[in-house]
2 protein chains.
Amino acid sequence: MKSSSKFVVAVHVLTGLAVVRLKKKADSISSQNIAWSVNTNPVVIRRLLGTLKRAGLVETESGSGGGARIGRSPEKITLAEVYKAVEEGSVFHYHYATPNQDCPVGANIQDALHEPLSQAEAVMIEDLSRTTIKDVAQKIMNQM
Amino acid sequence: MKSSSKFVVAVHVLTGLAVVRLKKKADSISSQNIAWSVNTNPVVIRRLLGTLKRAGLVETESGSGGGARIGRSPEKITLAEVYKAVEEGSVFHYHYATPNQDCPVGANIQDALHEPLSQAEAVMIEDLSRTTIKDVAQKIMNQM
DNA sequence: CGCCATGTAAGTATCTTGGTTACGCTGCTA
DNA sequence: TAGCAGCGTAACCAAGATACTTACATGGCG
């Protein structure tokens, strides 16, 4: 089972921005700086920031001295929101090739599974909404 | 977000075997026959059946006239069990490269996320346990 | 104007997944 | 006992996804 690490990285980034904000250390952080923490390339971070920006979770500024800043109070951003912002598609993946429609099972299986599977996924996201970026940032700061 | 379709295919296969059993149509089904319904190659099915067999969810027989049969009453197999049998690893994927340990956030983020994320996943699997193969088979048979 | 930063496009390497071929073994049946 | 039908696995291949990288246009500040 393989999916993307975008969600975890997004939480990492937002948590970093939250820590900076809570500690009043700096106004904005460059993608270079964030990339250093995540251990990746600044372009990867900028792409991700673009997605988060469209979701209203961060603000960015171009130009010299620019960078990213958290878009809202950390306690008002839940992991569920981050998940929905960056992760597209369902946790569950249906058949590559359409199942055989001449078989009663093949013809109806996807439809029959839709409800229980989307329900299970919804429950998971619901659970993610119980944790906020502030919660995560707090945990980190306790270790510092 | 990309993962495998193994889970859905496994449910498809088990549902097919359940329908056959509930309708008392045949004793066992060949991988060829199953592959026809799933619209894939028999080898893919045999591989999957191997996994399901190890989990006790199906029984197989070699030789002429052999094939697969559901290993237990359909109402005693939940989607959660199928999920755990075929899907390895977590829904959430952590950083490709280890985050920068010189950064307080990078050094602690994975640890801080472990609990909320594994919790969310557990809740999802818990929800899957509310649906059985019989439930799915029943839905299919209502369409026949 | 020069510098530092974002935004984005385009190309590449690596990994995962599923499809496919091949072949040995098992067990039925004529 | 020969032949056939089926499973079990290994090995290879094609396609797709993911993230890394280079490159460059744009924006804003001194």
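Annotations for the structure displayed:
- Other protein chain C-beta atoms within 10 Å of residue C-beta, averaged over B:83-90: 2.
- Cα-based shape type of region A:6-143, given that a ≥ b ≥ c are square roots of the gyration tensor eigenvalues and the cut on a/c is 1.5: prolate
- Anisotropy class of region B:17-67 from Cα gyration tensor, a/c 1.5 cut: rounded
- Computed FRET value (nearest 0.05) for residue B:4 with residue B:102, which takes r as the C-beta separation and R₀ as 22 Å: 0.05
- Inter-part distance, region B:7-76 to region A:1-78, computed on C-alpha centroids, equals 47 Å.
- Heavy-atom accessible area per residue - region B:1-73, 1.4 Å, Å²: 49
- Note on residue B:84/residue B:141: beta-carbon distance plugged into 1/(1 + (r/R0)^6) with R0 of 22 Å gives a FRET efficiency of 0.25.
- Note that region B:31-44 has calculated 3J(HN,Hα) couplings of 4, 4, 4, 5, 4, 4, 5, 7, 6, 8, 8, x, 5, 4 Hz, one per residue in order, obtained from phi through the Karplus relation 6.51 cos²θ - 1.76 cosθ + 1.60 (θ = phi - 60°); glycine and proline are x.
- Cα gyration tensor category, rounded, prolate or oblate, for region A:81-127 with a/c compared to 1.5: oblate
- Those trypsin sites (Lys or Arg not before Pro) in region A:39-122 that DSSP places in a loop and that have at most 16 other beta carbons within 10 Å: A:72
- Over the protein assembly as shown: helical MRE at 222 nm, DSSP H runs n ≥ 4 each giving -39500 (n - 2.57), nearest 500: -18500 deg cm²/dmol
- Average partner coverage of B:94-103, which counts Cβ from other chains inside 10 Å: 5
- Charge context of residue B:116, other residues only, Cβ under 13 angstrom, K/R +1, D/E -1: -3
- Amide H contacts of residue B:71: B:58, B:59, each under 5 Å away and 5 or more positions distant or on a separate chain (H built 1.01 Å from N in the peptide plane; Pro and chain starts excluded).
- Shielding by partners, peptide B:30-40 (average Cβ within 10 angstrom, other chains): 4
The values are calculated or read from the model by the stated rules, or taken from the named source; none is laboratory data. In this text the structure is predicted, and so the values were computed from the model without any measurement. Every residue, glycine as well, gets a Cβ built from its backbone with ideal geometry; the counts of neighbours run over all protein chains shown. These area figures cover heavy atoms from the full protein model, side chains too; ligands, DNA and RNA do not enter into them. Shrake-Rupley method; radii C 1.70, N 1.55, O 1.52, S 1.80 Å.
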